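**Student:** Take this structure first; my questions come after.
The values are calculated or read from the model by the stated rules, or taken from the named source; none is laboratory data. A quick note: this is a predicted structure, and the numbers were derived from the prediction, not measured. Note that each Cβ is placed from the backbone with ideal geometry, even for glycine, and that neighbours are counted across all protein chains shown.
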Amino acid sequence: MSYLSEIYTIPVVKRYVSTTLSMANFIKINFRLISFLLPLIVSFSSFGFWLKINFYKEQPKIKFTKQYIVSLNFGDKEIFWSSFQNYNEMYRSHLVVPSLKFIEMDNNYDKIIDSIQIDMTFENVTKNNDIMGKIFFGFLFETILDYRINWKFKTFVMGEYFLFNNGPINQINCFGDLYLESVNEYIDMKDIDSNKNITQIILNTTDISLDWFSKYIRDIKYSLNGKKFICNTSYFGNSSNINLSFIYKIPEQVIFYKTSILELVKWGLIQYVTFAILIRSFLNQFLKFLCVNNCLDTWIDK
């Protein structure tokens, strides 16, 4: 008993032809023009083609630059330290050098820092009857975006908190989430690294005061703001040290950014090609239907 075995295959092709002056040829030419022009019109008039502000999700890469200002107020006593020499000279009567330790943690091993912990200790500065009234701090971070746009910027995380407690305080724990924010509510790639000399500006200022520092930081176009940020206080007896701990989590967030001309052209081209494929496929199938069902003045060329 034998079975059929395929040896070689020749596809059967049916060519529907017509004269150049026929209605069928006229429709074919118009379909071809439509397949080129209609996608252009659709993509040109769509919202995405003119999208000047776009958005996406990214977890910013945030690095601590080891530059900071910290001021503690006990009412009639103040403790101050910064990484800026001019500020240290201005507040030299209140200077206390802290020990600094910071830890950058990558919890999911994706090579992106998920949280930063900054611990500071001022040794031998308090007595049991010292009651802290206010803490002011500013930490300089470098923020990097590189998932869809390439952008980096330096800015301070700044905070001022009044601490109310019925007894002495020597331990402060602050924690919250860091979010990148902009005055314009979007990232402009023209501003990339535009404030890389921020440290030099602070060092060269003639108005050496915490008020000027606060105003200067608030006026910067971009900022890192601590959301859900709280500070807790506690007291450990028989200790003359003040311990400060800041824990910043860096969550994924929605990034709004201003698109460039190249990106507009890129997304416009993607839309055009997508619409062209869909429209041309539909018109080809429609033309096939007209030919197969003898709706046009065509015949099969054998």
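**Student:** Is there a residue being in contact with a strand residue (DSSP E or B) (Cβ under 9 Å, 6 or more places away or on another chain), in contact (Cβ under 8 Å) with a residue 40 or more places away in the chain and closer than 30 Å to ARG148 by Cβ anywhere in the stretch 283-291?
**Tutor:** No, there is no match, as no residue in the stretch 283-291 is in contact with a strand residue (DSSP E or B) (Cβ under 9 Å, 6 or more places away or on another chain), in contact (Cβ under 8 Å) with a residue 40 or more places away in the chain and closer than 30 Å to ARG148 by Cβ.
**Student:** Please work out which residue is farthest from SER18 (Cα to Cα), limiting yourself to the stretch 249-302 and to residues that are of a type in the set (Val, Ile, Thr) and not in a helix (DSSP H, G or I). Steps first, please.
**Tutor:** Filtering the stretch 249-302 down to residues of a type in the set (Val, Ile, Thr) leaves 250, 254-255, 259, 261, 265, 270, 273-274, 277, 279, 292, 298, 300.
Next cut, not in a helix (DSSP H, G or I) only: 250, 254-255, 259, 298, 300.
Numbers: ILE250: 67, VAL254: 57, ILE255: 56, THR259: 49, THR298: 5, ILE300: 9 Å.
Looking at residues that are of a type in the set (Val, Ile, Thr) and not in a helix (DSSP H, G or I), I get ILE250.
**Student:** Looking at GLU252, GLU263, can you tell me which residue is loosely packed, with under 13 Cβ neighbours inside 10 Å and either within 24 Å of the chain's Cα centre (by Cα) or hydrophobic (A, V, I, L, M, F, W, C) (or both)?
**Tutor:** GLU252
**Student:** Something else now. Do we have any residue at all in the stretch 149-156 that's touching a Gly at 6+ places or on another chain (Cβ under 6 Å) and at negative phi?
**Tutor:** Residues of the stretch 149-156 that are touching a Gly at 6+ places or on another chain (Cβ under 6 Å), as a first pass: 156.
Filter again for at negative phi, leaving 156.
Within the stretch 149-156, one or more residues are touching a Gly at 6+ places or on another chain (Cβ under 6 Å) and at negative phi.
**Student:** In the stretch 273-302, what count of residues is obtained for those that are surrounded by 18 or more Cβ atoms within 10 Å (Cβ to Cβ) and of a type in the set (Phe, Trp, Tyr)?
**Tutor:** Residues flagged as surrounded by 18 or more Cβ atoms within 10 Å (Cβ to Cβ) and of a type in the set (Phe, Trp, Tyr) within the stretch 273-302 amount to 1.
**Student:** Take the stretch 175-201 and flag every residue that is under 26 Å from GLU104 (Cα atoms) and among the aliphatic types (A, V, I, L, M).
**Tutor:** Selection gives LEU178, LEU180, ILE187, ILE192, ILE198.
**Student:** If you check ASP207 against the conditions, is it exposed (fewer than 12 other Cβ atoms within 10 Å of the Cβ) and assigned to a loop (DSSP other than H, G, I, E, B)? Let's see the steps before the verdict.
**Tutor:** On the way: exposed (fewer than 12 other Cβ atoms within 10 Å of the Cβ): yes; assigned to a loop (DSSP other than H, G, I, E, B): yes.
Judged against the criteria, ASP207 is a match.
**Student:** Next up: Can you tell which of ASN173, ASN238 is more than 30 Å from LEU264 (Cβ to Cβ), surrounded by fewer than 18 Cβ atoms within 10 Å (Cβ to Cβ) and modelled with pLDDT of 80 or more? Please lay out each step first, then the result.
**Tutor:** Values: ASN238 fails: modelled with pLDDT of 80 or more.
Result of the check over ASN173, ASN238: ASN173.
**Student:** Which members of the stretch 62-117 meet the condition of being among the aliphatic types (A, V, I, L, M), in a loop (DSSP other than H, G, I, E, B) and more than 21 Å from LYS152 (Cα to Cα)? Show your work before the answer.
**Tutor:** Our first condition is that a residue be among the aliphatic types (A, V, I, L, M); within the stretch 62-117, this holds for 62, 69-70, 72, 79, 90, 95-97, 100, 103, 105, 112-113, 116.
From what is left, the residues that are in a loop (DSSP other than H, G, I, E, B) are 96-97, 112-113.
Those that are among the aliphatic types (A, V, I, L, M), in a loop (DSSP other than H, G, I, E, B) and more than 21 Å from LYS152 (Cα to Cα): VAL96, VAL97.
**Student:** Still on this structure: Going through GLU263, GLU252 one at a time, which residue ends up being among the charged types (D, E, K, R) and either in contact with a helix residue (DSSP H, G or I) (Cβ under 6 Å, 6 or more places away or on another chain) or modelled with pLDDT of 90 or more (or both)? Give the steps one after another, and end with the answer.
**Tutor:** Values: GLU263 fails: either in contact with a helix residue (DSSP H, G or I) (Cβ under 6 Å, 6 or more places away or on another chain) or modelled with pLDDT of 90 or more (or both).
Residue meeting the stated conditions: GLU252.
**Student:** Out of the residues in the stretch 52-95 that are of a type in the set (D, E, K, R) and over 26 Å from ASN124 (Cβ atoms), state the one that is surrounded by the most Cβ atoms within 10 Å (Cβ to Cβ).
**Tutor:** The initial filter retains those residues of the stretch 52-95 that are of a type in the set (D, E, K, R), namely 52, 57-58, 61, 63, 66, 76-78, 89, 92.
Still in the running and over 26 Å from ASN124 (Cβ atoms): 52, 57-58, 61, 63.
Details: LYS52: 10, LYS57: 10, GLU58: 18, LYS61: 16, LYS63: 15.
Checked the stretch 52-95; the qualifying residue surrounded by the most Cβ atoms within 10 Å (Cβ to Cβ) is GLU58.
**Student:** Does LYS215 satisfy the condition of being basic (Lys, Arg), outside any strand (DSSP E or B) and within 23 Å of GLN85 (Cα to Cα)?
**Tutor:** On the way: basic (Lys, Arg): yes; outside any strand (DSSP E or B): yes; within 23 Å of GLN85 (Cα to Cα): yes.
Yes: the conditions hold for LYS215.
**Student:** Which numbered condition trips up ASN238, out of (1) closer than 24 Å to ILE112 by Cα; (2) of a type outside the set (Gly, Ala, Ser); (3) assigned to a loop (DSSP other than H, G, I, E, B)?
**Tutor:** The failed condition is (1).
**Student:** If GLY226 satisfies all but one of (1) over 25 Å from the mean Cα position of the chain (by Cα); (2) surrounded by 13 or more Cβ atoms within 10 Å (Cβ to Cβ), what's the number of the condition it fails?
**Tutor:** Going through the list (1) over 25 Å from the mean Cα position of the chain (by Cα); (2) surrounded by 13 or more Cβ atoms within 10 Å (Cβ to Cβ), GLY226 breaks only (1).
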